[in-house]
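Read through the structure below, which is laid out as structure tokens, and then see the notes.
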Amino acid sequence: MIRLLERLGVPRVLMLGFLAVAIFMTGDGFELTFLSKFMVDQGFTSSQASLLVTVYGLFAAAGGWSAGMLAEMFGARRVMMFGACWWIGIHLLFLGVAIPSRIYPLILGLYALRGIGYPLFIYSFVVLMAQCISPSRLASATGFFWTCFSLGSGVFGAYLPSFIMPVFGEYRTFWFALPFSIVGTIMCFLFVPKNKVVKGEGLSRKEQLKELAEGATILVTNRKILICAIIRIINNLLLYGFPVIMPLYLCTTHNGGINIFKTEEWMRIWGFVFVVTLIFNTFWGWFMDRFGWVWPMRWFGCAVLAVGSVAFYYIPQWFGANALMMIVASIIVGIGTCAFSSLPTIMTLYAGEGKQGAALSAYNLAAGLTTFAGPGVATILLPVIGYGGVCWTYAALYVLAFVLTLFIRPRQPGFDEHGHRIAKAKNGTAPQDDAVPAVNTVSEESIGVGVAAAEAV
């Protein structure tokens with residue numbers, strides 16, 4: 001197994017860090033599939049339920065934006081630990097104070113603040129990956145990263161509550177998230193390596209703030225990175241939008257819901273999205289490194305998700321409470337969601353030498369904004385155009401992303417300027433592409449004795 005991961009471009013010294021991400025995100029994803037229904041059951045409106053997740057996403061976007069530059073300035077592990085401790089502390093207040101109070105502004109405020117924590121944890125680790133792994137293998141490693149994310153947030157985060165909730169009830173199920181988050185935090189402290197080369201050392205506070213702001217200003221100064229960021233926002237709209245609207249559509253009669261599945265049945269159906277991503281996150285990373293970064297994103301990402309967006313609405317209309325057909329729709333969404341794993345690599349290459357941290361901050365900002373945009377679309381449009389209209393809006397946005405992929409043509413290692421793979425030389429190796437800038441690596445001492453830093457292309 002270790003040899004297989006190393007062939008995928010995952011350095012041995014980072015492997016337990018990937019496991020820490022999976023365990024921590026199990027805790028973070030515990031309530032995602034039933035929070036909106038829980039809020040409605042407590043007497044709040046569907047708009048208030050979706051607004052809760054929308055504002056959470058806005059704060060997650062802030063955490064994601066700051067994670068890249070903070071990790072580069074102060075060290076990835078330090079920022080990961082801060083984000084994890086922040087998440088645990090706010091989660092305790094959310095469960096122990098806000099929910100029992102039934103005061104909506106307090107619930108909204110604390111849940112939003114909790115959203116800052118998990119992006120600091122996971123996206124700081126992405127920065128460490130970019131420093132340690134060659135650009136020619138980074139898409140593969142990024143695919144494995146999202147596999148770990150899906151294993152935690154999607155698979156265990158969806159399936160475990162579906163079995164716990166019928167026994168303990170919805171409110172007590174929230175508490176089961178804590179052991180996973182605590183274990184993930186401890187593993188981060190013990191096993192995630194430090195990097196001795198920290199960009200923020202010796203900088204004044206003003207210079208540090210300037211570096212931090214670069215993660216947003218690069219979106220203005222670099223049009224290619226802006227295009228990639230928009231695609232990244234659209235990428236996960238369904239992952240954060242459907243857990244808000246589908247429990248209401250499938251399990252209640254609110255706003256024209258059809259109420260044909262139990263909540264735990266919906267949770268298990270949605271869990272198949274992430275079961276599929278366990279395979280396809282890694283597969284697409286491997287596939288893109290060998291056959292091209294952009295065209296699979298265009299056809300198997302944007303186009304497939306446009307179909308999946310409307311399939312979730314129409315399958316229950318056509319086939320009723322057919323869980324098997326809904327699982328088919330989940331598989332479609334899972335396959336399409338994974339086909340964007342080359343985006344962080346593309347953005348770091350477009351950024352150029354010395355700007356990788358800013359590019360990853362822009363990527364993280366976009367990843368955070370998708371947690372805002374997914375439920376945000378539902379919050380705004382659901383009262384106006386209903387569940388079907390929201391699903392068609394998602395589909396239209398994926399068509400927009402399809403068009404935007406036509407404007408990005410990165411120089412991929414091993415490919416010529418037209419995107420065609422360069423034939424291997426007689427010695428069996430492909431010629432190196434000097435036009436591709438290297439991603440910063442970390443010294444061997446900074447990631448553990450006996451483990452060499454990834455060789456830059």
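The values are calculated or read from the model by the stated rules, or taken from the named source; none is laboratory data. Computed from a predicted model, the values in this text were never measured in an experiment. Cβ atoms come from the backbone with ideal geometry, glycine included; neighbour counts cover every protein chain shown. Surface accessibility is based on the protein's heavy atoms, side chains included, excluding ligands, DNA and RNA. Shrake-Rupley method; radii C 1.70, N 1.55, O 1.52, S 1.80 Å.
What to note about this one:
- Within the stretch 70-81, being open to solvent by less than 20 Å² (accessible area, probe 1.4 Å) and in contact with a Cys (Cβ under 7 Å, 6 or more places away or on another chain) holds for one residue alone: 80.
- Unique residue being open to solvent by less than 10 Å² (accessible area, probe 1.4 Å), within 24 Å of residue 366 (Cβ to Cβ), assigned to a helix (DSSP H, G or I) and at pLDDT 85 or above when the list is 67, 84: 84
- When residues of the stretch 152-161 are limited to those that are buried (at least 24 other Cβ atoms within 10 Å of the Cβ) and more than 12 Å from the chain's Cα centre (by Cα), the one modelled with the lowest pLDDT: 158
- Against the conditions (1) modelled with pLDDT under 90; (2) in a helix (DSSP H, G or I); (3) hydrophobic (A, V, I, L, M, F, W, C), residue 30 satisfies every one except (2).
Let's see how each residue does on (1) aromatic (Phe, Trp, Tyr); (2) in contact (Cβ under 8 Å) with a residue 12 or more places away in the chain; (3) buried (at least 20 other Cβ atoms within 10 Å of the Cβ):
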residue	(1), (2), (3)
51	no, yes, yes
63	no, yes, yes
92	no, yes, no
96	no, no, no
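- All positions within the stretch 319-349 that are of a type in the set (Phe, Trp, Tyr) and under 21 Å from the mean Cα position of the chain (by Cα): 340
- Filter result for residue 370 (in contact with a Lys or Arg (Cβ under 8 Å, 6 or more places away or on another chain), part of a helix (DSSP H, G or I) and of a type in the set (S, T, N, Q)): yes
- Test for residue 108: is it open to solvent by less than 20 Å² (accessible area, probe 1.4 Å) and over 23 Å from residue 19 (Cβ atoms): no
- Residue 275 being modelled with pLDDT under 90 and among the aliphatic types (A, V, I, L, M): yes
- Search result, residues across the stretch 183-217 that are open to solvent by less than 30 Å² (accessible area, probe 1.4 Å), modelled with pLDDT of 75 or more and polar (S, T, N, Q): 185
- Selection status of residue 118, in contact with a helix residue (DSSP H, G or I) (Cβ under 7 Å, 6 or more places away or on another chain) and crowded, with 19+ Cβ neighbours inside 10 Å: yes
- Test: residue in the stretch 163-174 that is open to solvent by less than 10 Å² (accessible area, probe 1.4 Å), over 30 Å from residue 352 (Cα atoms) and part of a helix (DSSP H, G or I): yes
- The listed residue being touching a Cys at 6+ places or on another chain (Cβ under 9 Å), of a type in the set (A, V, I, L, M) and more than 25 Å from residue 58 (Cα to Cα), out of 408, 346, 335, 331: 408
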